[in-house]
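The values are calculated or read from the model by the stated rules, or taken from the named source; none is laboratory data. Given the structure is predicted, the values throughout are model-derived calculations rather than measurements. Positions of Cβ are generated from backbone atoms using ideal geometry, with glycine treated the same way; all protein chains shown enter the neighbour counts. The protein model used for the area step is the full one, side chains on, heavy atoms only, and it has no ligands, DNA or RNA in it. Shrake-Rupley method; radii C 1.70, N 1.55, O 1.52, S 1.80 Å.
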Amino acid sequence: MATLPKIRRSGGPKTPEGKLASSRNAIKTGAYAVQALLPGESEQEFRELEQLFIDDFAPSGIAEAALVHSLTVIIWKKLRLEKLESRHIHDLLDQFPRFSEFSAVGFDEYPQAAKEWINHPEKISSLNLEEVQSGYWTLKSLNKSRFDEDEMEVFKKDLPAIFKRLQDLLRDLGVQELSILGMVGTRYHHGAETRPIEDMADKLMEQLQGEIWAIQNQEQLLKVRQQIRDKRLVEFLNLNRSQRVSDDLDRAYFKALDELRKQKEWRRRQEVVDVKALVNSTPKLPKLKNPSNSDFYKTD
């Protein structure tokens, strides 16, 4: 039975330039990179990371190129894991505290109007206590005067920031005419007991009360928020399973790195063997006989 002749492999490129080009071809095709990425991840960033490994290890041949790619994928996954963990921790710490968390640190009661400041007490520093208190008492006075237009003019002049907040509330409600005359004169419908400006002034006064309370309790709020976040972080670390994944990636990384080093050492030894074989296979030239002086000057 006839057998097909064995096809002798070329062995790949022989020159250093050819080997380098060949090793990079295996990576630049994108066959590896696309598989390593998840939706939303940047292929350009992945390639830049891989190029750093290529520049560092200068892989020669497909085996070394594949190992360098494996190192890139492992580090990419570690970076992905760190980003996911960071986002999760930030979201966890930024959630508004549960009632049980407040109770655990001895903080049971707070006004609902101050809720937005409780979770971010560092922002309270942007508030001006004098302005907030003046706004509250001015609105209380305006309510009693049924929003006298002259008093509204003084309000607009003395407390422009608080006045604008009242305008914004009315705008959100659907009031189109935001001049003082329009703000005071707009009504829901004929026979309504209240006007939009009265309802929105009550809402704004409630907000200002919450801000006054937050300013006066900022130091305690900072302490409470930190205690709650510390407890959450400890619980997260105790239940954290991502560390196991990270450890597995570390082991995979050093395993691939060890394989790459062995591969490069093997290649280095092969090159040494090839050079020795080349030297041994080179035919030796016969030694030339050194002519003696007498022979050199001898004549027929």
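Kindly evaluate residue 70 against the criterion of being modelled with pLDDT of 90 or more, within 26 Å of residue 251 (Cα to Cα) and surrounded by 18 or more Cβ atoms within 10 Å (Cβ to Cβ). Steps first, answer last, please.
Numbers: modelled with pLDDT of 90 or more: yes; within 26 Å of residue 251 (Cα to Cα): yes; surrounded by 18 or more Cβ atoms within 10 Å (Cβ to Cβ): yes.
Taking the combined requirement at face value, the residue satisfies it.
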Failed criterion for residue 126 (all others in (1) open to solvent by 90 Å² or more (accessible area, probe 1.4 Å); (2) of a type in the set (Ser, Thr, Tyr); (3) touching a Leu at 6+ places or on another chain (Cβ under 7 Å) hold): (3)
Failed condition for residue 171, given (1) under 42 Å from the mean Cα position of the chain (by Cα); (2) open to solvent by 70 Å² or more (accessible area, probe 1.4 Å); (3) touching a residue at least 24 places away in the same chain (Cβ under 8 Å); (4) closer than 30 Å to residue 151 by Cα: (3)
Qualifying positions in the stretch 219-247 - among the aliphatic types (A, V, I, L, M) and either closer than 18 Å to residue 99 by Cβ or open to solvent by 90 Å² or more (accessible area, probe 1.4 Å) (or both): 221, 224, 228, 237, 239
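Listed here are the residues, each with its yes/no results for (1) open to solvent by less than 20 Å² (accessible area, probe 1.4 Å); (2) acidic (Asp, Glu); (3) without any contact (Cβ under 8 Å) to a residue 24 or more places away in the chain.
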position	(1), (2), (3)
154	no, no, yes
158	no, yes, no
164	no, no, yes
176	no, no, yes
180	yes, no, no
189	no, no, yes
192	no, no, yes
211	yes, yes, no
Search result, residues across the stretch 250-262 that are crowded, with 16+ Cβ neighbours inside 10 Å and more than 15 Å from residue 57 (Cα to Cα): 252
